[in-house]
Amino acid sequence: MKARLRLVALGTALLALAAACGGDEAVDTEEAAQATGPIDIWYSDNPEEITWGKQAVEAWNADHPDEEVTGEKIPAGETSEEVIGAAIAAGNTPCLVFNTAPAAVPQFEKQGGLVALDDFPGAAEYIEGRSGDVAEQYKSPDGNYYQMPWKANPVMIFYNKKVFEKAGLDSENPPLATYDEFLQTAQTVIDKGGVEAAIWPAPSSEFFQSWFDYYPLFIAATDGQTALVEDGQAQFTSAEGIAVAEDFWAPMYEQGLAKRETYNGDAFADEKSAMAIVGPWAIAVYGEAIEWGVAPVPTADGISPEQTYTFSDEKSIGMYSACENRGTAWGFLKFATSKANDGKLLELTGQMPLRPDLTSTYADYFKKNPEYEVFADQAERTVEVPVVPNSIEMWQEFRDAYSSSVIFGKESPDEALTTAGKTIESLISEE
Amino acid sequence: MAKAATAPTTSRRIKLLGKHPIGIPFVAPYVAFLIVVFAYPLGLALYMSFHDYFFAAPGAIVERPFIGVDNYTQVLGDPVFRTALFNVVKFVIINVPLTVALALVLATALNRAIPFRTFFRASYYVPYVTASVAVVGIWLWLFAGDGLVNTILGPLAPDPPWLVNEAWALPIIALLVTWKQLGFYVLLYLAALQNVPNELYEAAKVDGAGAVRSFFAVTVPGVRSATTLVVILATIVGANFFTEPYLLTGGGGPNNASISPVLMMYREGIEQGNAGYAAAIGVILAIGVMTISLLNRYVLERD
């Protein structure tokens, strides 16, 4: 019996040892940075981006037979961040992912999953040369670029012109500039427009949902001067930040102008809501079915569209540490973000490459597609999510406080956000 | 002399390998399976729960220091975890008695010669084998603000609607799980009912017992071992509920009213990269479920 117990004890000790150890050899970074050869890439799974990805891969492969790129859409998962995070732990990430959320970059970086692009000569100059001053927002706290800022979907208010007309509102210039105007308009479309909700952002508790309700208005309220946190301090506890919650979104839910229930589908497409907060992708999605108009997100006192900032809803390109042929990966990354390929991206997806002066750079495109011009102009004034440690945890903390106070009215937004601000400041100060 | 030296060696071998070492190769595949699928992950979870652990790229040089019981103290001090634990208690209180009662009554009915018996037996089993995502889709439609249930209830419908109502979100989830799992438990009871001798029912009838009296005096005690199994399995399944709050109530909403410990583990471990914290939740949950199961067994099996 004692011998068996000893066997069990030995087995347990071995298991704990095995659990503590494990892991493969890391890629030699210096060698890999020079290495060329075949690589794999993932791109987003929407049809437009798949088309863009395929043509970019084909064009590259035609000129680089020894450095073949194999592209495929990102494997299915609840979110791309989960799929990439799991692939990092498993050590089977592709070289490049053209769908890397900036909010997830600090976590991927901490996991040792990302390659600092500054390892490549001239990388910082290339990134800043392509995107201008806005590139600064994508730098990690250590001063390196672990992501290549790629394309933005600056969010604005989309509205259904027919619903507005039915409600007796001016469908060309609807009163949506100030909080008061917006709330009044929202009430009118519910009373007379035949819709269930004025606007129906997802009221669920996922960490990223605040990017499509609170955050764009917060950015507009602060004239694009700050992200959610800055220099280790929560910025949303400022008077402007609290006002977005207290004077705009809380009354929207209290008065039933926005719904507390998740819509099972697309409320704007099904004409259950009169407005939606969306990026330029919406033109292709709703364009045929709905007669739409677009307006900037509202602010307390109303500022001109030319001065209104919003959330960029940007996606970056990440180079992942499992990549062995990083020389080829860097070459393809530059090829995919060249002026010509950015033009193709615009043409095939309607999404905005992160370049300044889009309208003059791609003047022909905007002449043919004038409806995209307003988004191109808005793309000049965007703010990103902050690149800070524990970024996703921070957004979840914020969402929980917002959800409890603003959506469900369980506590005052001021108190809830102030408490969340303190927790968040402690979270982002952790390494 | 040689004999004297051999005897202790043989005795040691018997102690170590048992009397029939030939059995070892036969059980080895299953032991290997247990080690790989259960023991190693359990060992890793325990290790993670005592470290500031996160999943890293293979070969990445990262620090995951030993932090003692910090994860456990943080988890136990987390109000969201306490809400999640309380939700499990509420869930089990609704789900387990309902499961036992409905499964036993339905199994008893289906054990009799009723018309369309095979059809009914299959019907109760269909939800169990249907993908949770599809089932949740139907329940979303049923319990939405403008869904079928509210349309039928009219002015009696709760406000706010079921799935965003803090009082109703969790009971709806418990009902969904009860309904979905019922077919499996009916099957267990049907199997157990085959072992209840007919003579007992006949004797009860001779003694003047009606259908209800027979049910309580013969059927219920006759399937007691199955009831123990159903209670333990329903408790384990209940304590691990995840898909339903994840999909039906938008991630444990409203305002964490339907959050579960497993959903918290997913959020913390997968979404937010706090694998050590998530592992501590898992260990606490496993200990809790084992304790409740042992208590169930003790209470239900004592004479």
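The values are calculated or read from the model by the stated rules, or taken from the named source; none is laboratory data. Since this is a predicted model, take the numbers as computed values, not measurements. With ideal geometry, Cβ positions are generated from the backbone for all residues, glycine too; neighbour counts draw on all protein chains shown.
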Exactly one of these conditions fails for B:Val136: (1) in contact with a Lys or Arg (Cβ under 9 Å, 6 or more places away or on another chain); (2) within 14 Å of another protein chain (Cβ to nearest Cβ); (3) touching a residue at least 60 places away in the same chain (Cβ under 8 Å). Give me its number.
(1)
Which count do you get for residues in the range B:269-291 that are over 15 Å from B:His51 (Cβ atoms) and either away from chain A (no Cβ under 14 Å) or under 13 Å from the mean Cα position of the chain (by Cα) (or both)?
8
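Looking at the range B:32-79, which of its residues are assigned to a helix (DSSP H, G or I), more than 10 Å from chain A (Cβ to nearest Cβ), of a type in the set (A, V, I, L, M) and over 14 Å from B:Asn274 (Cα atoms)? Give the steps one after another, and end with the answer.
In the first step, residues of the range B:32-79 are kept if they are assigned to a helix (DSSP H, G or I); the result is B:32-49, B:70-77, B:79.
This time we only want the ones that are more than 10 Å from chain A (Cβ to nearest Cβ), so: B:32-34, B:36-38, B:49, B:70-77, B:79.
Okay, now just the ones that are also of a type in the set (A, V, I, L, M), so B:32, B:34, B:36-37, B:75-76.
Within the range B:32-79, B:Ala32, B:Leu34, B:Val36, B:Val37, B:Leu76 meet the criteria.
The rows are residues; the columns are (1) assigned by TED's automatic domain parsing to the domain that holds A:Gln187; (2) in contact (Cβ under 8 Å) with a residue 24 or more places away in the chain; (3) β-branched (Val, Ile, Thr).
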site	(1), (2), (3)
A:Glu230	yes, yes, no
A:Ala234	yes, yes, no
A:Ser238	yes, no, no
A:Ala243	yes, yes, no
A:Glu246	yes, yes, no
A:Leu257	yes, yes, no
A:Tyr263	yes, yes, no
A:Ile277	yes, yes, yes
A:Pro280	yes, yes, no
Selection count where residues are closer than 30 Å to A:Asp213 by Cβ and either free of Cβ contacts under 8 Å to residues at least 12 places away in the same chain or assigned to a strand (DSSP E or B) (or both), scope the range A:314-327
4
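Return yes or no: is A:Ser204 under 24 Å from the mean Cα position of the chain (by Cα), under 26 Å from B:Arg267 (Cα atoms) and assigned to a loop (DSSP other than H, G, I, E, B)? Don't jump to the end; show me each part of the working.
On the way: under 24 Å from the mean Cα position of the chain (by Cα): yes; under 26 Å from B:Arg267 (Cα atoms): yes; assigned to a loop (DSSP other than H, G, I, E, B): yes.
Yes, satisfied.
Residues B:Val96, B:Val89: which one is touching a Gly at 6+ places or on another chain (Cβ under 7 Å), more than 25 Å from A:Leu427 (Cα to Cα) and modelled with pLDDT under 95?
Values: B:Val89 fails: touching a Gly at 6+ places or on another chain (Cβ under 7 Å).
Only one candidate passes the filter, namely B:Val96.
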Checked against (1) surrounded by fewer than 24 Cβ atoms within 10 Å (Cβ to Cβ); (2) farther than 23 Å from B:Gly253 by Cα, A:Gln396 satisfies every condition except (2)
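Before we move on, is B:Val262 in a helix (DSSP H, G or I), at pLDDT below 90, away from chain A (no Cβ under 14 Å) and surrounded by fewer than 22 Cβ atoms within 10 Å (Cβ to Cβ)? I'd like the intermediate steps shown before the answer.
Details: in a helix (DSSP H, G or I): yes; at pLDDT below 90: no; away from chain A (no Cβ under 14 Å): yes; surrounded by fewer than 22 Cβ atoms within 10 Å (Cβ to Cβ): yes.
Judged against the criteria, B:Val262 is not a match.
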Run down A:Ala340, A:Ala363 and say which single residue is small (Gly, Ala, Ser) and in the same structural domain as A:Asn46 (by TED's automatic domain parsing).
A:Ala340
Any chance you could count how many residues in the range A:290-313 are touching a strand residue (DSSP E or B) at 6+ places or on another chain (Cβ under 8 Å) and not in a strand (DSSP E or B)?
13
Please find, among B:Leu200, B:Leu188, B:Leu193, B:Leu294, the residue that is without any contact (Cβ under 8 Å) to a residue 24 or more places away in the chain, over 28 Å from B:Leu76 (Cβ atoms) and either charged (D, E, K, R) or away from chain A (no Cβ under 14 Å) (or both).
B:Leu200
Output the residues belonging to the range B:261-293 that are closer than 17 Å to B:Leu247 by Cβ and of a type in the set (Phe, Trp, Tyr).
B:Tyr266
Every residue from the range A:63-72 that is surrounded by fewer than 16 Cβ atoms within 10 Å (Cβ to Cβ) and either within 14 Å of another protein chain (Cβ to nearest Cβ) or outside any loop (DSSP other than H, G, I, E, B) (or both)
A:Asp63, A:Thr70, A:Glu72
Could you list, in sequence order, the residues of the range B:270-289 that are of a type outside the set (A, V, I, L, M) and free of Cβ contacts under 8 Å to residues at least 40 places away in the same chain?
B:Glu271, B:Gln272
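Could you grab me the full set of residues in the range A:251-283 that are aliphatic (A, V, I, L, M) and more than 14 Å from chain B (Cβ to nearest Cβ)?
Our first condition is that a residue be aliphatic (A, V, I, L, M); within the range A:251-283, this holds for A:252, A:257-258, A:267, A:269, A:274-278, A:282-283.
Scanning the range A:251-283 gives A:Met252, A:Leu257, A:Ala269, A:Ala274, A:Met275, A:Ala276, A:Ile277, A:Val278, A:Ala282, A:Ile283.
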Do you know which residues across the range A:86-111 are within 19 Å of the chain's Cα centre (by Cα) and either outside any helix (DSSP H, G or I) or under 17 Å from A:Asp40 (Cα atoms) (or both)?
A:Leu96, A:Val97, A:Phe98, A:Asn99, A:Thr100, A:Ala101
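Does at least one position in the range A:178-197 carry a residue that is among the aromatic types (Phe, Trp, Tyr) and in a loop (DSSP other than H, G, I, E, B)? Write out each step before concluding.
Of the range A:178-197, the ones among the aromatic types (Phe, Trp, Tyr) are A:179, A:182.
Adding the requirement that they be in a loop (DSSP other than H, G, I, E, B) leaves none.
Checked the range A:178-197: no residue is among the aromatic types (Phe, Trp, Tyr) and in a loop (DSSP other than H, G, I, E, B).
Consider the range B:210-255. How many of its residues are in a helix (DSSP H, G or I) and either among the aromatic types (Phe, Trp, Tyr) or within 30 Å of B:Ala169 (Cβ to Cβ) (or both)?
Final tally of qualifying residues: 20.
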More than 25 Å from B:Ala169 (Cα to Cα), more than 14 Å from every other protein chain (Cβ to nearest Cβ) and in a helix (DSSP H, G or I): does that describe B:Val299?
yes
